[in-house]
Amino acid sequence: MDERGFRGTTLGDIAERAGLARGLVSYYFPGKRVLLQSATHRLMRITLAAALELLDDADSPDLWLATSIDTVLSLALNRPTLMRTHLALILAPNSSGGGFIQDEEQQRFGELLRGVLRRRAAPDPVAEHALLRSALMGACMGLLLPGAESSPMLIRADLFARYGLDTALGPGIPERPAHPDAPSVGSGSELLEE
């Protein structure tokens, strides 16, 4: 995808790069939209799980939530092309499908976040997860909206204030990287046509 962009990459290209038969890739993923979203969910889950593994039960529930927020924001800042593409596919479904895919990886990522919310004694972790997921997606949009990107520190401060978190908590986030991954997908409008 980094070489040819979303439109220019086929399932055959992906299968070839992975050393798999195209039919095998097609068996598990009905299209590249689903494959990209599932792969992005997997990256998000693995990245968050690794960050949370550095914590232990003695750490405050607020630190667990701060770490979760910082991890997602850092992923958006460090992988802007991937995250822009992912969000564009969610927000601009077309006739070949799309929208928010709730695959196994997304569900496992969600379970990590619900676990963090349970640590904070959330009365309804499922409902609060939906709100946190929306807040994180909105934050990523704010970081990645071409031509209207918001300050990462301002976005982080807003999320921390919403949850009553001390901004000294968490691993922190990088400033906007000097060399975002390329090529840029621009506004995402080119993703609407496959």
Item to check | Single unsatisfied condition, Val72 versus (1) surrounded by 12 or more Cβ atoms within 10 Å (Cβ to Cβ); (2) modelled with pLDDT under 85 | outcome: (2)
Checklist entry - Does Ala50 count as within 16 Å of the chain's Cα centre (by Cα), modelled with pLDDT of 95 or more and either closer than 27 Å to Met141 by Cα or of a type outside the set (Gly, Ala, Ser) (or both)? => result yes
Checklist entry - Residues in region 114-161 that are β-branched (Val, Ile, Thr), over 16 Å from the mean Cα position of the chain (by Cα) and surrounded by 14 or more Cβ atoms within 10 Å (Cβ to Cβ): how many? => result 1
Next on the checklist: Which condition from (1) in a loop (DSSP other than H, G, I, E, B); (2) modelled with pLDDT of 95 or more; (3) small (Gly, Ala, Ser) is the one that Ala135 breaks?
Outcome noted: (1)
Next on the checklist: With the structure loaded, tell me whether Ala121 is part of a loop (DSSP other than H, G, I, E, B) and on the phi > 0 side of the Ramachandran plot or whether it fails that test.
Outcome noted: yes
Item to check | Residue list for region 144-194, filter: within 25 Å of Leu89 (Cα to Cα), of a type outside the set (Ser, Thr, Tyr), part of a loop (DSSP other than H, G, I, E, B) and modelled with pLDDT under 85 | outcome: Arg176, Pro177, His179, Pro180, Asp181, Ala182, Pro183, Val185, Gly186, Gly188, Glu193, Glu194
Checklist entry - Between a first residue in region 31-49 that is under 14 Å from Arg84 (Cα atoms) and a second residue that is in a helix (DSSP H, G or I) and basic (Lys, Arg), which pairs have beta carbons less than 9 Å apart while being 6 or more apart in sequence or on different chains? => result His41/Arg108
Checklist entry - Going by the conditions given, is Val72 part of a helix (DSSP H, G or I) and touching a residue at least 40 places away in the same chain (Cβ under 8 Å)? => result yes
Checklist outcome for this item: Of Leu159, Leu131, Leu165, the only residue that is farther than 19 Å from Ser60 by Cα and out of contact with any His (no Cβ under 9 Å at 6 or more places or on another chain) is Leu131
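The values are calculated or read from the model by the stated rules, or taken from the named source; none is laboratory data. Because the structure is predicted, anything quoted here is derived from the model rather than measured. Cβ sites come from the backbone with ideal geometry, for glycine too, and all protein chains shown count toward neighbours.
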